[in-house]
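Structure, as structure tokens:
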Amino acid sequence: MLPDMWATLQRLELQIGSLMYRSLFGGLRLIARLRREVVVVNGLELPYLRGGKGPTLVLIHGFGDRKET
């Protein structure tokens, strides 16, 4: 395979993988009845997930870069 074709296929694979990942977590959020919201603090947008019933529970993660992990 030509190097340019290989690079193009790798980019396509990453784009498809990213789309599948977003679709999967979007579906899981729907099932769990979570909605994505954003709060702005000092000009910085911080996304979070909101859902459920009862008292507020705040979970702060320190691993990974996704709300789901």
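Just so you know, all these numbers are worked out from the coordinates, no wet-lab data involved. Small disclaimer: the values here were computed from a predicted structure and weren't measured. Virtual Cβ from ideal backbone geometry, glycine too; neighbours counted across all protein chains shown.
Convert each backbone phi in the range 51-57 into a coupling constant with the Karplus relation 6.51 cos²θ - 1.76 cosθ + 1.60 (shift: θ = phi - 60°), then list the ³J(HN,Hα) values in order as whole Hz, x for Gly and Pro.
Ordered by residue, 3J(HN,Hα) equals x, x, 10, x, x, 5, 10 Hz.
Determine ³J(HN,Hα), in whole Hz, for all residues of the range 41-47 in sequence, where each value follows from phi through the Karplus function 6.51 cos²θ - 1.76 cosθ + 1.60 and θ = phi - 60°; x replaces Gly and Pro.
Per-residue couplings from phi come out as 10, 6, x, 9, 7, 10, x Hz.
How many nm is it between the label spots at residue 53 and residue 11, if each spot is 7 Å from the Cα in line with the beta carbon?
Distance between the two pseudo-spin positions: 5.0 nm.
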